[in-house]
1. Any idea which residue in segment 14-55 is modelled with the lowest pLDDT, counting only those that are surrounded by fewer than 12 Cβ atoms within 10 Å (Cβ to Cβ) and in a helix (DSSP H, G or I)?
2. Taking the conditions exactly as written (within 18 Å of residue 77 (Cβ to Cβ) and not in a strand (DSSP E or B)), does residue 103 satisfy them or not?
3. Could you list, in sequence order, the residues of segment 315-326 that are touching a strand residue (DSSP E or B) at 6+ places or on another chain (Cβ under 9 Å) and modelled with pLDDT of 80 or more?
4. List pairs: first residue in segment 46-68 and free of Cβ contacts under 8 Å to residues at least 24 places away in the same chain, second residue in a helix (DSSP H, G or I) and surrounded by 17 or more Cβ atoms within 10 Å (Cβ to Cβ) anywhere in the structure, Cβ distance under 8 angstrom, at least six positions apart or on different chains.
5. Report, by residue number, each residue of segment 281-292 that is in contact with a helix residue (DSSP H, G or I) (Cβ under 9 Å, 6 or more places away or on another chain), modelled with pLDDT of 80 or more and not in a strand (DSSP E or B).
6. Please determine whether any residue of segment 70-86 is assigned to a loop (DSSP other than H, G, I, E, B), buried (at least 17 other Cβ atoms within 10 Å of the Cβ) and under 26 Å from the mean Cα position of the chain (by Cα).
7. Looking only at segment 399-407, decide whether some residue is part of a helix (DSSP H, G or I) and exposed (fewer than 13 other Cβ atoms within 10 Å of the Cβ).
């Protein structure tokens, strides 16, 4: 008596949901050895996401994994490599890249669902210092039609035409830089007629102000933000450097969004420049606005309130998240709640509580405060501080149709 393949697939899918990575892997491995009918579905779960962290043990594992790929004659079509949809790798140094180069060569070749690639260089390096075979394999895998999400960290002097003709829709880059050099045309010769586009039309972008990745997104010498960012739906922007003004770069991106942007999250070191110049009011479909001030100021909440009062909010704004760093006196002995509440009030909690009584904030349905609390002692838990903070905002808490939450991270 034989069972329908759909029933066998359901059994394997349930095994993949077992809590605990080791337990789930052990169950799927056992099922994959039962028969061919079990194996392919089990491999789809076992090899869907592969991570190498750059350690010596990870490089040994990479060599072993390469052996599995090479022993599988169907790896690129229906075998092991075709099951991989997420590959994350930290590259330690050039002496250990042999197996990684060959693995990259086998990724995302067969048709299938969209894939993601995460590459980090442990010690940071320049594109020009990469071995030729590694540079070419990184280029090739980044231009395969299945690759939709690309994350690169600690790689410098990337040629400005590196992403030309790629299919990437979601891009994350930090500690990267671009150069004025360009890859030779013959690198792109095999891509003719594959549906590539001259412009990288992103839907998601995560970047920081310490680098300029904008030249990577278009081959045009004159950058046109309205063309490059017309499809952007989510932007995460980091400016954590006090000596740099990110306003022009961020403004350029926002002006090109054509109202498509739905989620905007900004991390800044200080509110020391005129953020109200940012064209947020033009983002007619913006639903989530998150602002996090990472560097301590004496009145962080008052600073954020001042910004929110100046900015004209789009009518679609549904969720606001505010993050800040707050300091309390270095309490070494138990103190009563009033001392702690007074400390929060001095930092602007009352101004924020009054702000959300204004009519223009009535369309907001979710408000979250995320506080990194410096100077607290271990006599109180984060949950206790959260309860105290919640009581500091009676007007917000009493508003109908507004879900209000407070999250505290204690830094001792």
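The values are calculated or read from the model by the stated rules, or taken from the named source; none is laboratory data. Note that the structure is a prediction, hence the values are computed from the model and not measured. Every residue, glycine as well, gets a Cβ built from its backbone with ideal geometry; the counts of neighbours run over all protein chains shown.
1. 14
2. Against the criterion (within 18 Å of residue 77 (Cβ to Cβ) and not in a strand (DSSP E or B)), residue 103 qualifies.
3. 317, 318, 319, 320, 321, 322, 323, 324, 325
4. Between residues of segment 46-68 that are free of Cβ contacts under 8 Å to residues at least 24 places away in the same chain and residues that are in a helix (DSSP H, G or I) and surrounded by 17 or more Cβ atoms within 10 Å (Cβ to Cβ), the close pairs are 68/80.
5. Answer for segment 281-292, where residues must be in contact with a helix residue (DSSP H, G or I) (Cβ under 9 Å, 6 or more places away or on another chain), modelled with pLDDT of 80 or more and not in a strand (DSSP E or B): 283, 286.
6. yes
7. No, segment 399-407 contains no residue that is part of a helix (DSSP H, G or I) and exposed (fewer than 13 other Cβ atoms within 10 Å of the Cβ).
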